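So the structure is just underneath, and the comments pick up after that.
No value in this document is a laboratory result; all are computed from the given coordinates. Because the structure is predicted, anything quoted here is derived from the model rather than measured. Methodologically, a virtual Cβ is constructed for each residue, glycine included, from the backbone with ideal geometry; neighbour enumeration extends over all protein chains shown.
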Amino acid sequence: MNQNSPNQLQFNFSGVGCWLTLIAGAWLLGALGLGWLVKSFLVLVALVLIAPIILFGVFRWWLQRTIVEGQCPACNFNLTGLKGAESVCPSCGTAVKAESGRFQRVASEGAIDVEAVDVAAQQIED
Ligand SMILES: [Zn+2]
């Protein structure tokens with residue numbers, strides 16, 4: 001095998017020569033019985049390339065499960081929050097908690113949350 005050819009290519013095309021040197025180095029290590037070193041290095045490079053993609057996918061999955069979008073029970077302001085976390089509505093200041101896919105008012109100890117219903121005057125007369 002002519003060992004000068006990779007060096008000549010390195011001088012002519014620095015970008016291609018760099019890769020050829022890497023490949024030649026890997027082949028040389030493989031020929032010396034150090035193929036496991038090359039393979040472990042390639043596995044490491046693959047892990048470094050793949051890990052961010054997997055982490056991004058896991059992060060998106062976690063966000064979809066954790067983030068709750070809904071409306072404030074007091075003023076119908078659109079809210080976004082983390083599931084189970086208490087927050088305050090920026091519009092009306094009501095303490096709200098995201099539970100089971102929607103926002104609920106956080107009631108203080110002993111308070112009874114009631115919902116007012118509009119009743120038309122004619123319905124009472126009938
Ligand atoms: Zn509100």
Segment ALA95-GLU115, extension gain: residue separation times 0.36 nm, minus the distance between their alpha carbons: 5.6 nm
Separation of the GLN122 and PHE56 label points, Cα + 7 Å toward Cβ, nm: 6.0 nm
